[in-house]
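The values are calculated or read from the model by the stated rules, or taken from the named source; none is laboratory data. Just so it is clear, the structure is predicted and the values come from calculations on it, not from any experiment. Because the Cβ atoms are built from the backbone with ideal geometry, glycine has one as well, and the counts that use them run over all protein chains shown.
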Amino acid sequence: MTGRRALGVATVVLGLALLSVGRDVRAWGDALRSSDARLADEPSLAQWAPGTWAPFDPAARLLAVEGPVREREAVRAFELWRTAPRGYDNGARRARLRAQAERALADVAADHSPRRASHAGTLLGVLLASEDEDGARSTLEAAVRADPSNDDAKYDLELLIRRAFGKATREGAGNSSGTRGDRAEGAGAAAPGSGY
């Protein structure tokens, strides 16, 4: 009788544990969907942390949500920086948000998932482009290498290269013959002060 009772108690405990893990799996799915929708509308309200029942959150490990949640939090940090208004604090808040976004994106860009790393690298390249074009370029190149199908990274890299090319200046002697040239033709070709 004692063995049967112990088996009954163990069965009930196991059933409750499975029930709570099942409920937590559902809670994670709901939290991901609702917070993804919030991220698009109001990034500051997006939080991917459901109230779970089971201790140590086995549902999170079962669903392998750690990497996707880190990516979403990095995107959230980027959006908070991108949409932060210019305030009266001489840019201190934006600088703080930028540093937070840069750290979060760099962390995800080092991820083992090529798609996640490439996505985070693309956003990090955009963030760096305003202050560190060389860093932005190498970050975007790494994003393209991580996931060659990432068209956003390719587009942003090409845009950055074109922008840098447009700002480039030619150094050294040019291939023209100077201000007067070797042939004097037209009204502006004569020596200054000599008239037409």
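I need the full set of residues from region 106-123 which are within 17 Å of Ala77 (Cα to Cα) and assigned to a helix (DSSP H, G or I), in order please.
Ala106, Asp107, Val108, Ala109, Arg116, Ala117, Ser118, His119, Ala120, Gly121, Thr122, Leu123
Is there any pair linking a residue in region 17-28 that is touching a residue at least 40 places away in the same chain (Cβ under 8 Å) to one that is part of a helix (DSSP H, G or I) and hydrophobic (A, V, I, L, M, F, W, C), with Cβ under 7 Å and at least six apart or on different chains, and which?
Pairs found: Val21/Ala59.
Restricting to region 27-58, what's the tally of residues that are in a loop (DSSP other than H, G, I, E, B) and acidic (Asp, Glu)?
Residues flagged as in a loop (DSSP other than H, G, I, E, B) and acidic (Asp, Glu) within region 27-58 amount to 2.
Could you say whether any residue in region 9-29 is surrounded by 10 or more Cβ atoms within 10 Å (Cβ to Cβ), of a type in the set (Ser, Thr, Tyr) and not assigned by TED's automatic domain parsing to the domain that holds Leu124?
Scanning region 9-29 turns up at least one residue that is surrounded by 10 or more Cβ atoms within 10 Å (Cβ to Cβ), of a type in the set (Ser, Thr, Tyr) and not assigned by TED's automatic domain parsing to the domain that holds Leu124.
Looking at Pro55 and the list (1) more than 21 Å from Arg116 (Cβ to Cβ); (2) within 20 Å of the chain's Cα centre (by Cα); (3) of a type outside the set (Asp, Glu), which single condition is not satisfied?
Here Pro55 meets the rest and fails (2).
Just to be sure before I move on: is Ala60 closer than 20 Å to Ser113 by Cβ, buried (at least 18 other Cβ atoms within 10 Å of the Cβ) and modelled with pLDDT of 85 or more in the structure I sent?
So Ala60 fits the description; yes.
Out of (1) within 14 Å of Glu71 (Cβ to Cβ); (2) in a helix (DSSP H, G or I), what's the single condition that is false for Asp156?
(1)
Restricting the search to region 149-159, which residues are buried (at least 20 other Cβ atoms within 10 Å of the Cβ) and either at positive phi or among the aliphatic types (A, V, I, L, M) (or both)?
Ala153, Leu157
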